[in-house]
Amino acid sequence: MTKTLGLIGSGMIGGAVARLAVAAGLDVVLSNSRGPETLADLVAELGDHARAVTPEEAAQAGDLVVATVPLKAYDRLPAAALAGRTVIDTMNYYPDRDGRLAELDSGELTSSALVQRHLADSRVVKAFNNIDFQRLATSARPSGAPDRTALPIAGDDPGAKADVARLLDTLGYDAVDIGTLADSRRSQPGTPVYVDPYLAPRPEGLNQEEARRWFFETPGVPVSAERVRELIDATTFDATTFEN
Ligand SMILES: NC(=O)c1ccc[n+]([C@@H]2O[C@H](COP(=O)([O-])OP(=O)(O)OC[C@H]3O[C@@H](n4cnc5c(N)ncnc54)[C@H](OP(=O)(O)O)[C@@H]3O)[C@@H](O)[C@H]2O)c1
């Protein structure tokens, strides 16, 4: 049972996961690249169940650790400190942001397989990568709620996936096991299960401020486990694009 969640990266997704975790009664140990002092506002918001440390310390403090940095920084994740741990990988490949990674462009590896290769002594599970941070923060529901939302998870270690599924349940989501890290290409950017199913259709003709308000104020669309399976099954590899 996860009691303490370590976070490497405490931005939009890291912050959303940390808020859900504290709301569920977990302790969170946050980190980023600029140093713990730069996380003072988030720690103050989260209260007594949060503290900020270095990435190495977050790696060692967490029963589970969430790696949620831009993919271009994957090789700076502290592999030694993460050895033996289950690491939740939320990362997506956006070449405009991350630069070109030949093994991903060729389809030889998924981004999570690349992360697993760097974290060779950890158990990597992909999760939280296919929902935007605002819906992630607001679509959580208690177990059994009729409007509960499901998220895909993928990984090579069944025990690690079971731990991550339990964490998702604690945070307010059902988990749908979509297979291995190689299979995680079915939840990458550009696939049917990526972001859009969780969002209401965006009205046309919004100006920038209206679009910003729409994004922050529009409730998410519940996506059942059955619907996630349908979307995953409907994925063809041609549908996968890195150009988002
Ligand atoms: N935003 C979304 O809605 C969304 C949805 C699904 C998946 N994702 C994916 O999740 C990942 C995180 O996205 P995000 O939107 O949360 O990004 P973000 O808001 O830019 O936050 C990134 C975080 O990573 C930290 N970081 C960067 N390099 C680091 C390093 N070498 N060591 C430790 N921490 C480091 C940053 O710290 P500093 O600020 O100190 O540099 C920051 O806290 C990305 O791979 C993204 O593709 C995002």
| request: Test each condition in (1) in a loop (DSSP other than H, G, I, E, B); (2) within 9 Å of the ligand (Cβ to nearest atom); (3) surrounded by fewer than 22 Cβ atoms within 10 Å (Cβ to Cβ) for residue 91 and report the one that comes out false. | output: (3)
| field | Flag if residue 73 is aliphatic (A, V, I, L, M), within 8 Å of the ligand (Cβ to nearest atom) and not in a loop (DSSP other than H, G, I, E, B) | value | yes
| field | Enumeration of residues in the range 76-88 that are open to solvent by 50 Å² or more (accessible area, probe 1.4 Å) and within 13 Å of the ligand (Cβ to nearest atom) | value | 76
| request: Give me a count of the residues in the range 110-161 that are free of Cβ contacts under 8 Å to residues at least 24 places away in the same chain and either on the phi > 0 side of the Ramachandran plot or surrounded by 19 or more Cβ atoms within 10 Å (Cβ to Cβ) (or both). | output: 1
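Residue-by-condition table, conditions (1) modelled with pLDDT of 95 or more; (2) assigned to a helix (DSSP H, G or I); (3) of a type in the set (Val, Ile, Thr); (4) more than 18 Å from the chain's Cα centre (by Cα):
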| position | (1), (2), (3), (4) |
| --- | --- |
| 2 | no, no, yes, no |
| 10 | yes, no, no, no |
| 14 | yes, yes, no, no |
| 59 | yes, yes, no, no |
| 81 | yes, yes, no, yes |
| 84 | yes, no, no, yes |
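State which residue is most open to solvent (accessible area, probe 1.4 Å) when the search covers only the range 164-175 and only residues that are under 23 Å from residue 188 (Cβ atoms) and part of a helix (DSSP H, G or I).
Here is the first cut: in the range 164-175, the residues under 23 Å from residue 188 (Cβ atoms) are 164-165, 167-168, 171, 173-175.
Subsequent filtering for residues that are part of a helix (DSSP H, G or I) retains 164-165, 167-168, 171.
On the way: 164: 0, 165: 33, 167: 4, 168: 1, 171: 9 Å².
Looking at the filtered set, the residue picked out is 165.
Hey, among 24, 61, 73, which residue is closer than 11 Å to residue 6 by Cα and open to solvent by less than 50 Å² (accessible area, probe 1.4 Å)? Explain how you work it out, then say what you get.
On the way: 24 fails: closer than 11 Å to residue 6 by Cα; 73 fails: closer than 11 Å to residue 6 by Cα.
When all the criteria are applied, what remains is 61.
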| Among 213, 202, 135, which is the only one that is modelled with pLDDT under 95, farther than 15 Å from residue 89 by Cβ and of a type outside the set (A, V, I, L, M, F, W, C)? | 202
| said: If a residue must be open to solvent by less than 60 Å² (accessible area, probe 1.4 Å), modelled with pLDDT under 95 and outside any loop (DSSP other than H, G, I, E, B), how many such residues does the range 216-244 contain? | reply: 1
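The values are calculated or read from the model by the stated rules, or taken from the named source; none is laboratory data. This structure is a prediction, so every number in the text was calculated from the model and none was measured. Cβ coordinates were reconstructed from backbone atoms using ideal geometry, including for glycine residues, and neighbour counts include every protein chain displayed. Accessible surface areas use protein heavy atoms only, side chains included; no ligands, DNA or RNA. Shrake-Rupley method; radii C 1.70, N 1.55, O 1.52, S 1.80 Å.
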